[in-house]
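Working notes for the structure below.
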Amino acid sequence: MFKAHHLLGIKDLDTEDIEHIFKTADNFKEVINRPIKKVPSLRDVTIVNLFFENSTRTRISFELAEKRLSADVLNFSASSSSVSKGETLIDTVRNILAMKVDMVVLRHPMAGAGVFLSRHISARIINAGDGTHEHPTQALLDAFSIREKLGTLKKVKVAIVGDILHSRVALSNILLLQKMGAEVMVCGPSTLIPKFINKLGVKVEQNLKKALQWCDAANMLRIQLERQDIRYFPSLREYSMQYGLNREIMNSVNKEILIMHPGPINRGVEITSDVADSPHSIILDQVENGVAIRMAVLYLLAGKKATS
């Protein structure tokens, strides 16, 4: 039995819930790789994708997952809505729910937006990213992709490299990987490593080559310039020289490691094309697995709604 009522953050899931999502995603991955890719699992379920921030991959991935499950799908963009006229989040959602919507996939620039909504509305909520807080489905698909390639997450060493300070992906990955028995290291400039990071029980390394030598998988994060209100390093060129992953560095590491990226990729900054497109890269596997994971989450939450 899947116990969660919403998916607001990894911290709300236990290992049993995570394993249940992974096993369900295994089944759905078979579905999306067959000639007829749709199943009627969520027929008559209405889902609204409520995005208050720009998104391409996450929004499309959720929409595709919803349509693969035969749900009725509504897409909402804040820039072309009454939000631009001053309507509040709660009023926007209540108006949408008056149209008998069952589930809300929410991306919002404010941390905790999903938690706030869950206290005021009855629909199931999936957090598709809230500020610099969490991005739970990204962490689930990242861990699922590692598990798929290595067979397990227990004792697997994962390095998360880049802008840890502004990354909701980093926090969700740390929480999930540790719950599943993996070891986590963060690597980046000291200005982009949160001061509280040691409280999460992760290793900290400022030398990229040492981090790569340690890990089994490296998740390369982009520099989130849109969230930076001050300069955290001299220039992108200098950042790339210190923390950009290129073929020369890969060749100097005397072991096989998985290369990951949550997207979008800034080619030539945090990773070069010859690495992103190399046999070591599982970036496209992450994209494919994102649909399967989101199908699993939608399916399980809809089932919880039906039985509660």
Legend entry - Flag if Leu74 is surrounded by fewer than 19 Cβ atoms within 10 Å (Cβ to Cβ), at pLDDT 95 or above and not charged (D, E, K, R): no
Inset, instruction - Could you check, for the range 282-301, whether at least one of its residues is part of a loop (DSSP other than H, G, I, E, B) and either of a type in the set (D, E, K, R) or under 26 Å from Met241 (Cβ atoms) (or both)? - result: yes
Legend entry - Condition met for Lys37 (surrounded by fewer than 21 Cβ atoms within 10 Å (Cβ to Cβ) and without any contact (Cβ under 8 Å) to a residue 60 or more places away in the chain): yes
Inset, instruction - Name, by its number, the condition in (1) more than 17 Å from Ala170 (Cα to Cα); (2) at pLDDT below 95; (3) small (Gly, Ala, Ser) that does not hold for Ser190. - result: (1)
Inset, instruction - Answer yes or no: is there a residue in the range 88-104 that is modelled with pLDDT under 95, of a type in the set (D, E, K, R) and not in a loop (DSSP other than H, G, I, E, B). - result: yes
Legend entry - Failed item in (1) crowded, with 16+ Cβ neighbours inside 10 Å; (2) out of contact with any His (no Cβ under 9 Å at 6 or more places or on another chain); (3) over 20 Å from His6 (Cβ atoms), with Leu140 passing the rest: (3)
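The values are calculated or read from the model by the stated rules, or taken from the named source; none is laboratory data. Everything quoted here is computed from the prediction, not taken from an experiment. A quick note on method: Cβ atoms are made from the backbone with ideal geometry, for glycine too, and the neighbour counts reach across all protein chains shown.
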